[in-house]
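First comes the structure, then the notes that go with it.
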Amino acid sequence: MAIQISPSILSADFAHLADEAAAVPTADWLHVDVMDGHFVPNLTLGLPVVESLARAAATPLDCHLMIEDPDRWAPAYAEAGAGSVTIHAKAASAPVRTLREIRRQGARAGLALNPAEPVDPYADLLGEMDMLLLMTVEPGFGGQKFLDLVLPKIRRARELMDERGAAVWLQVDGGVSDETIERAAEAGADVFVAGSAVYGAQDPAGAVDSLRAQAER
Ligand code: DX5
Ligand code: ZN
């Protein structure tokens, strides 16, 4: 299982996004948290910024849409140049159609579940997605504490993927740090989002390498 690190620019300096992207050259992805102030009580950025950043950054964008009505907006993020677009299951009214639309626009399609949402109801949808995102905090803000209560669900998701032979990446997002990444990796996650642990560090590039080393142990 190849480990991938996706630093979240939510903890970066929004006035210098291109520089912040360049500060993590060994990152596999750049995680872009799109928040609309409705699905979550926080507001960040949208399509125009994603479009510009996709042009300016050498690292592909991993767009995490924490928005209402992702069915309407998600394909446009793929079109804007994102390499991966993830929608929240509970916000989507037609997740299968939307995941297919994202793929049709040439991006990888992801489905996200909040800490309290079970994974089993989505087992039959695994073939429709390239990545499953299990939130390890309630979405909305960076710097929250990793929720260990999600670990059994990470194990369960990996089990379902193995059973079905689904080539789906398993991403975790929230509270991922040098202290918590090993537990998440051991449970079966392979793509790790880290905001404050990377951009809150003196040396963001070093933080990415350190996270990767911990996850690969
Ligand atoms: C939270 C966002 C995360 C956030 C993670 O709703 O989805 O991507 O940036 O931040 P940390 O790593 O600080 O928990
Ligand atoms: Zn995120």
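Here, each number is a calculation from the coordinates, and none is a lab measurement. Predicted model only: the values in this text are computed from it and were never measured. Every residue, glycine as well, gets a Cβ built from its backbone with ideal geometry; the counts of neighbours run over all protein chains shown.
So how do 109-115, 182-188 stack up, highest first, on mean other-Cβ count within 10 Å? Don't skip to the end; give the middle numbers.
Working: 109-115: 21.6, 182-188: 18.6.
So the order, starting with the most tightly packed, is 109-115, 182-188.
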Point to revise | Span from the the range 153-179 Cα centroid across to the the range 26-82 one, whole angstrom | key: 22 Å
Practice item. Restricting to the range 1-86, compute how many DSSP beta bridges are antiparallel as a %, nearest 5. Key: 10 percent
Point to revise | Cβ-based net charge around Ala107, under 13 Å, with every Lys or Arg adding one and every Asp or Glu removing one | key: 0
Practice item. Sort Ile3, Ile9 so the one with the fewest other Cβ atoms within 10 Å of its own Cβ comes first. Key: Ile3, Ile9
Revision key, fill the gap. Around Lys145 (Cβ within 14 Å, Cβ-to-Cβ, excluding Lys145; K/R +1, D/E -1) the net charge comes to -3
Exercise for review: Net charge near His64: determine it from the other residues with C-beta under 13 Å of the C-beta of His64, scoring Lys and Arg +1 and Asp and Glu -1.
Suggested key: -3
Study note, to complete from the structure: For the chain, the dipole about the Cα centre with charges only on Cβ (Lys and Arg +1, Asp and Glu -1), to the nearest 20 debye, works out at 400 debye
Practice item. Place a +1 charge on the Cβ of each Lys and Arg in the range 95-153 and a -1 charge on the Cβ of each Asp and Glu, then give the dipole magnitude about the Cα centre in debye, rounded to the nearest 20. Key: 260 debye
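Listing Tyr77, Tyr199 from the residue with the fewest other Cβ atoms within 10 Å to the one with the most, what is the order?
With the fewest neighbours first, Tyr77, Tyr199 line up as Tyr199, Tyr77.
Going by a ≥ b ≥ c, the root eigenvalues of the Cα gyration tensor, does the range 1-56 fall in the rounded group (a/c under 1.5), the prolate group (a/b larger than b/c) or the oblate group? Working shown, then result.
On the way: a/c = 2.03, a/b = 1.38, b/c = 1.47.
Here the range 1-56 falls in the oblate category.
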Study note, to complete from the structure: Over the chain, the sum of -39500 (n - 2.57) across DSSP H runs of at least four, divided by residue number and rounded to 500 deg cm²/dmol, gives at 222 nm -9500 deg cm²/dmol
**Study point:** Residues Thr59, Thr180 arranged by fewest to most Cβ contacts within 10 Å
**Key:** Thr59, Thr180
Exercise for review: Compare the Cα positions of Thr136, Leu99, Phe14 along the charge dipole of the chain (+1 at Cβ of Lys, Arg; -1 at Cβ of Asp, Glu; about the Cα centre) and return the one farthest towards the positive end.
Suggested key: Leu99
